[in-house]
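Everything below concerns the one structure shown next.
The values are calculated or read from the model by the stated rules, or taken from the named source; none is laboratory data. Note that the structure is predicted; figures quoted are calculated from it, not measured. With ideal geometry, Cβ positions are generated from the backbone for all residues, glycine too; neighbour counts draw on all protein chains shown.
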Amino acid sequence: MMFMSASDDYIASRCCILNGLFSGFVLACQAIEKILKVFVYLETREKTKLTKNDKHNPFKLKEELQKVKKYGLDKFDGLLQKLYDHYQCRYYDNEVSGQGASSSELDTIDELWVYLVEILPIPDEVKYRLKFFTDLFNENSKKYGTNYWAEKNNKALAEKIQEMESGYKAVLHHLYPKI
(Lines give C-alpha, C1' and ligand atoms only; values in the text may rest on other atoms or scores of the structure.)
Protein backbone atom coordinates (compact mmCIF):
# COMPACT_ATOMS: atom_id res chain seq x y z
CA MET A 1 0.00 0.00 0.00
CA MET A 2 2.87 2.37 0.78
CA PHE A 3 4.37 1.79 -2.66
CA MET A 4 1.00 2.23 -4.39
CA SER A 5 0.59 5.68 -2.90
CA ALA A 6 4.18 6.55 -3.81
CA SER A 7 3.70 5.52 -7.44
CA ASP A 8 0.45 7.49 -7.72
CA ASP A 9 2.25 10.57 -6.37
CA TYR A 10 5.13 10.02 -8.79
CA ILE A 11 2.89 9.82 -11.84
CA ALA A 12 0.84 12.82 -10.67
CA SER A 13 4.05 14.78 -10.08
CA ARG A 14 5.16 14.15 -13.66
CA CYS A 15 1.79 15.30 -14.98
CA CYS A 16 1.99 18.53 -12.96
CA ILE A 17 5.65 19.28 -13.74
CA LEU A 18 5.17 18.62 -17.45
CA ASN A 19 2.26 21.06 -17.38
CA GLY A 20 4.19 23.76 -15.52
CA LEU A 21 2.54 23.34 -12.12
CA PHE A 22 4.76 23.75 -9.05
CA SER A 23 2.65 21.33 -7.02
CA GLY A 24 4.33 18.57 -9.02
CA PHE A 25 7.54 19.14 -7.06
CA VAL A 26 5.69 18.70 -3.77
CA LEU A 27 4.22 15.46 -5.13
CA ALA A 28 7.65 14.34 -6.33
CA CYS A 29 9.04 14.89 -2.84
CA GLN A 30 6.15 12.93 -1.34
CA ALA A 31 6.66 10.09 -3.84
CA ILE A 32 10.34 9.78 -3.00
CA GLU A 33 9.62 10.14 0.72
CA LYS A 34 7.07 7.34 0.57
CA ILE A 35 9.23 4.93 -1.41
CA LEU A 36 12.16 5.57 0.95
CA LYS A 37 9.83 4.78 3.85
CA VAL A 38 9.02 1.51 2.06
CA PHE A 39 12.75 0.72 1.98
CA VAL A 40 13.16 1.61 5.67
CA TYR A 41 10.22 -0.59 6.60
CA LEU A 42 11.38 -3.54 4.48
CA GLU A 43 14.90 -3.35 5.91
CA THR A 44 13.98 -2.79 9.57
CA ARG A 45 10.40 -4.14 9.80
CA GLU A 46 9.60 -0.87 11.58
CA LYS A 47 8.39 2.55 10.57
CA THR A 48 10.92 5.34 10.37
CA LYS A 49 12.33 6.56 13.67
CA LEU A 50 12.43 10.13 12.36
CA THR A 51 10.02 12.59 13.96
CA LYS A 52 8.22 15.82 13.10
CA ASN A 53 9.32 17.40 9.84
CA ASP A 54 12.32 15.10 9.54
CA LYS A 55 10.07 12.16 8.70
CA HIS A 56 9.09 13.98 5.50
CA ASN A 57 12.67 14.81 4.52
CA PRO A 58 13.88 12.41 1.80
CA PHE A 59 17.52 13.19 2.53
CA LYS A 60 17.13 12.29 6.21
CA LEU A 61 15.19 9.15 5.27
CA LYS A 62 18.06 8.17 2.99
CA GLU A 63 20.50 8.76 5.85
CA GLU A 64 18.37 6.58 8.16
CA LEU A 65 18.27 3.84 5.52
CA GLN A 66 22.06 4.04 5.04
CA LYS A 67 22.55 3.04 8.69
CA VAL A 68 20.91 -0.30 7.89
CA LYS A 69 21.92 -0.89 4.28
CA LYS A 70 23.69 1.13 1.63
CA TYR A 71 21.81 1.38 -1.64
CA GLY A 72 24.13 3.74 -3.52
CA LEU A 73 21.86 6.75 -3.05
CA ASP A 74 24.58 9.28 -2.17
CA LYS A 75 24.71 10.44 -5.79
CA PHE A 76 21.17 11.78 -5.32
CA ASP A 77 21.91 13.85 -2.19
CA GLY A 78 21.54 17.19 -3.97
CA LEU A 79 18.21 16.18 -5.46
CA LEU A 80 16.90 14.81 -2.17
CA GLN A 81 17.75 18.07 -0.41
CA LYS A 82 16.24 20.18 -3.19
CA LEU A 83 13.04 18.14 -3.20
CA TYR A 84 12.62 18.76 0.51
CA ASP A 85 13.19 22.47 -0.12
CA HIS A 86 10.40 22.36 -2.70
CA TYR A 87 8.23 20.51 -0.19
CA GLN A 88 8.84 23.24 2.39
CA CYS A 89 7.68 25.86 -0.14
CA ARG A 90 4.11 24.70 0.50
CA TYR A 91 3.89 27.34 3.24
CA TYR A 92 5.34 30.82 3.18
CA ASP A 93 6.49 30.69 6.79
CA ASN A 94 8.77 27.65 6.25
CA GLU A 95 12.46 28.25 5.80
CA VAL A 96 13.55 27.53 2.24
CA SER A 97 16.69 28.11 0.20
CA GLY A 98 14.92 30.36 -2.26
CA GLN A 99 16.04 28.25 -5.21
CA GLY A 100 13.26 27.95 -7.71
CA ALA A 101 11.99 24.75 -9.18
CA SER A 102 12.69 23.87 -12.80
CA SER A 103 11.27 21.26 -15.11
CA SER A 104 14.90 20.40 -15.92
CA GLU A 105 14.93 18.57 -12.55
CA LEU A 106 12.46 16.03 -13.90
CA ASP A 107 15.13 13.90 -15.59
CA THR A 108 16.94 13.46 -12.27
CA ILE A 109 13.68 12.80 -10.41
CA ASP A 110 12.87 10.13 -12.99
CA GLU A 111 16.35 8.65 -12.70
CA LEU A 112 15.99 8.36 -8.92
CA TRP A 113 12.48 6.90 -9.12
CA VAL A 114 13.40 4.27 -11.70
CA TYR A 115 16.53 3.37 -9.73
CA LEU A 116 14.51 2.91 -6.53
CA VAL A 117 11.85 0.85 -8.29
CA GLU A 118 14.51 -1.40 -9.81
CA ILE A 119 16.27 -2.09 -6.51
CA LEU A 120 13.11 -2.38 -4.40
CA PRO A 121 13.98 -5.24 -2.02
CA ILE A 122 11.02 -7.49 -2.71
CA PRO A 123 10.62 -10.60 -4.90
CA ASP A 124 9.80 -10.00 -8.56
CA GLU A 125 6.54 -11.94 -8.10
CA VAL A 126 5.43 -9.18 -5.76
CA LYS A 127 7.15 -6.20 -7.39
CA TYR A 128 5.78 -6.75 -10.88
CA ARG A 129 2.26 -7.15 -9.57
CA LEU A 130 2.31 -3.70 -7.95
CA LYS A 131 0.09 -0.99 -9.37
CA PHE A 132 2.97 0.95 -10.95
CA PHE A 133 3.78 -1.92 -13.31
CA THR A 134 0.14 -2.71 -13.93
CA ASP A 135 -0.41 0.94 -14.88
CA LEU A 136 2.45 0.65 -17.36
CA PHE A 137 1.91 -2.77 -18.89
CA ASN A 138 -1.64 -4.03 -18.39
CA GLU A 139 -3.47 -4.07 -21.72
CA ASN A 140 -6.43 -2.08 -20.33
CA SER A 141 -4.05 0.52 -18.92
CA LYS A 142 -2.40 0.85 -22.30
CA LYS A 143 -5.77 0.99 -24.04
CA TYR A 144 -7.08 3.80 -21.83
CA GLY A 145 -3.80 5.69 -21.50
CA THR A 146 -3.24 5.24 -17.77
CA ASN A 147 0.48 4.97 -18.47
CA TYR A 148 0.72 8.22 -20.46
CA TRP A 149 2.09 10.50 -17.73
CA ALA A 150 4.53 7.88 -16.46
CA GLU A 151 6.09 7.47 -19.89
CA LYS A 152 5.88 10.95 -21.45
CA ASN A 153 9.43 12.31 -21.96
CA ASN A 154 10.74 9.90 -19.32
CA LYS A 155 14.30 9.12 -20.42
CA ALA A 156 15.12 6.99 -17.37
CA LEU A 157 12.06 4.82 -17.85
CA ALA A 158 12.57 4.61 -21.62
CA GLU A 159 15.98 3.02 -21.01
CA LYS A 160 14.44 0.31 -18.81
CA ILE A 161 10.91 -0.10 -20.16
CA GLN A 162 11.54 -3.20 -22.30
CA GLU A 163 13.38 -4.97 -19.48
CA MET A 164 10.61 -4.06 -17.02
CA GLU A 165 7.88 -5.19 -19.40
CA SER A 166 9.66 -8.51 -19.90
CA GLY A 167 9.84 -8.95 -16.12
CA TYR A 168 6.16 -8.03 -15.79
CA LYS A 169 5.12 -10.52 -18.48
CA ALA A 170 7.34 -13.28 -17.08
CA VAL A 171 5.81 -12.88 -13.63
CA LEU A 172 2.30 -12.73 -15.06
CA HIS A 173 2.91 -15.92 -17.03
CA HIS A 174 4.51 -17.61 -14.00
CA LEU A 175 1.61 -16.73 -11.68
CA TYR A 176 -1.18 -17.19 -14.24
CA PRO A 177 0.12 -19.68 -16.83
CA LYS A 178 -3.24 -20.12 -18.55
CA ILE A 179 -3.62 -16.42 -19.40
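The single residue among Lys49, Lys34 that is exposed (fewer than 13 other Cβ atoms within 10 Å of the Cβ) and either in contact (Cβ under 8 Å) with a residue 12 or more places away in the chain or part of a helix (DSSP H, G or I) (or both) turns out to be Lys49.
Just one of the listed residues (Phe25, Phe59, Phe76) is over 28 Å from Val126 (Cβ atoms), in contact with an Asp or Glu (Cβ under 9 Å, 6 or more places away or on another chain) and outside any loop (DSSP other than H, G, I, E, B), and it is Phe25. Checking each residue in region 37-46 for being assigned to a loop (DSSP other than H, G, I, E, B) and among the basic types (Lys, Arg) picks out only Arg45. Looking across region 79-94 at every residue that is polar (S, T, N, Q) and part of a helix (DSSP H, G or I), the one that is surrounded by the most Cβ atoms within 10 Å (Cβ to Cβ) is identified as Gln88.
Can you find a residue that is closer than 28 Å to Pro123 by Cβ and at pLDDT 95 or above anywhere in region 94-109? Yes - at least one qualifying residue is present in region 94-109.
Every condition in (1) touching a Lys or Arg at 6+ places or on another chain (Cβ under 8 Å); (2) crowded, with 16+ Cβ neighbours inside 10 Å is met by Asp54 except one, and the failing one is (2). Only one of the numbered conditions (1) of a type in the set (D, E, K, R); (2) surrounded by 13 or more Cβ atoms within 10 Å (Cβ to Cβ); (3) free of Cβ contacts under 8 Å to residues at least 60 places away in the same chain; (4) within 16 Å of Val38 (Cβ to Cβ) is not met by Lys69, and that is (2).
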